[in-house]
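Structure, as structure tokens:
The values are calculated or read from the model by the stated rules, or taken from the named source; none is laboratory data. These figures come from a predicted structure and were not determined experimentally. Cβ sites come from the backbone with ideal geometry, for glycine too, and all protein chains shown count toward neighbours. Heavy atoms of the whole protein, side chains included, go into the accessibility calculation; ligands, DNA and RNA do not. Shrake-Rupley method; radii C 1.70, N 1.55, O 1.52, S 1.80 Å.
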Amino acid sequence: MSEPIITRAASEAAPDAGAPLVDPFGRAISYLRVSVTDRCDFRCVYCMSENMTFLPKRDLLTLEELDRLCSVFVRHGVRKLRITGGEPLVRRDIMTLFRNLGRHLETGALEELTVTTNGSQLARHAAELAACGVRRINVSMDTLDADKFRAITRWGDLGRVMEGLDAAQAAGLSVKINAVALKGVNEDEIEPMLEWAHGRGMDLTLIEVMPLGEIETHRVDQFLPLSQVRARLMDRYTLADLPDRTGGPARYVRVAETGGRLGFITPMTHNFCESCNRVRLTCTGTLYMCLGQEDAADLRTPLRQSEGDARVAQAIADAITRKPKGHDFVIDRRVNRPAVGRHMSVTGG
């Protein structure tokens, strides 16, 4: 087995190909989430302001540069790539990136290539995603009520998303629904959504709202602890803890009455940092070692200033040595500002 990468001066030779990325707490980094755009065709109330200012296109990495960066990570032990946004499927020619990254699945260097989407473009792209080697996807969807869906997303069309889900399942993709639990908004829909998702053979994962970016509403008013939700569900359903891990932060249970799987992502009430194997790459080439911290590394500069990948690999290795043990998310009514200033669409969902 290759030795973990050790931080060295940038002027020295880069680590050997295949050396794993290991953080200061002994966690091997095997999962990269890649935001390919900060743009989205929705404006979800917990994620974005209605009038967003997006990055100029010249600041974004090209699809070729994203492929190159992802490939460096794969060579150094990343086994799972998740493509995110904003909404990743609105980026022009995005399927080119999926087709190119699929070569790592064919060689066995990559175990999984997947995507998180709002579903608006799935009807158009589901079949090609499957052809590129994508086997499962996450679809962000917080309600089954069309009017409420429009209110939450501001611009979204529930019917279009439903068509996308049909196309995804017809293409053989395994679908997991991600729903943000919002107090006073969709907390009364959790049971119906669970039974609907499981009835279609889809997993459902519930997510606590996270304090990322300035929005018009106060997240303390949106926050619904999933510990309360789980206690309520246990009055109606039999929940059996599962050891399942899909590479992300969700903890899963089996719902005996439906036979389906239910996940909980609890960054606020019970963080999932102890086993974190993830880092996030933005569409501008910035690497965040933790979703809940501001420390970041610039990969775009070494990428564009060198023809080879040695400087890029060293910049990644140096960044991993700064990965923190965990985040510091807090939602506090006394402090009317987000824990982290950037929006989720910047870092990637």
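If only residues of segment 52-89 that are outside any helix (DSSP H, G or I) and of a type in the set (Ser, Thr, Tyr) are counted, the one that is surrounded by the most Cβ atoms within 10 Å (Cβ to Cβ) is Thr84.
The single condition among (1) on the phi < 0 side of the Ramachandran plot; (2) open to solvent by less than 10 Å² (accessible area, probe 1.4 Å) that Cys132 does not meet is (2). Any residue that is over 26 Å from Lys176 (Cα atoms), part of a loop (DSSP other than H, G, I, E, B) and at pLDDT below 85 - is there at least one of those in segment 258-276? Among the residues of segment 258-276, not one is over 26 Å from Lys176 (Cα atoms), part of a loop (DSSP other than H, G, I, E, B) and at pLDDT below 85, which makes the answer no. Among the residues of segment 16-51, what is the count of those that are of a type in the set (Ser, Thr, Tyr), open to solvent by less than 30 Å² (accessible area, probe 1.4 Å) and at pLDDT 90 or above? Of the residues in that region, 3 qualify. Within segment 235-246, is even one residue more than 30 Å from Gly172 (Cα to Cα) and either modelled with pLDDT of 95 or more or outside any strand (DSSP E or B) (or both)? Yes, that holds for at least one residue.
Residue pairs whose Cβ atoms lie under 6 Å apart, separated by 6 or more positions or on different chains, with the first residue in segment 123-141 and closer than 30 Å to Val209 by Cβ and the second charged (D, E, K, R) and open to solvent by 20 Å² or more (accessible area, probe 1.4 Å), are Ala123/Glu163. Considering (1) more than 21 Å from Thr62 (Cα to Cα); (2) open to solvent by less than 10 Å² (accessible area, probe 1.4 Å); (3) part of a helix (DSSP H, G or I); (4) of a type outside the set (Ser, Thr, Tyr), the lone condition that Leu97 does not fulfil carries the number (1). Scanning segment 212-226 for residues that are part of a loop (DSSP other than H, G, I, E, B) and either surrounded by 13 or more Cβ atoms within 10 Å (Cβ to Cβ) or modelled with pLDDT of 95 or more (or both) gives Gly213, Ile215, Leu224, Pro225.
In segment 227-268, the residue that is least open to solvent (accessible area, probe 1.4 Å) out of those that are among the polar types (S, T, N, Q) and more than 28 Å from Arg33 (Cα to Cα) is Thr258. Can you pull out every residue in segment 168-203 that is outside any loop (DSSP other than H, G, I, E, B), within 18 Å of the chain's Cα centre (by Cα) and touching a residue at least 40 places away in the same chain (Cβ under 8 Å)? Passing the criteria: Lys176, Asn178, Val180, Ala181, Asp203. The criterion of being modelled with pLDDT of 95 or more and within 25 Å of Val115 (Cβ to Cβ) holds for Ile316.
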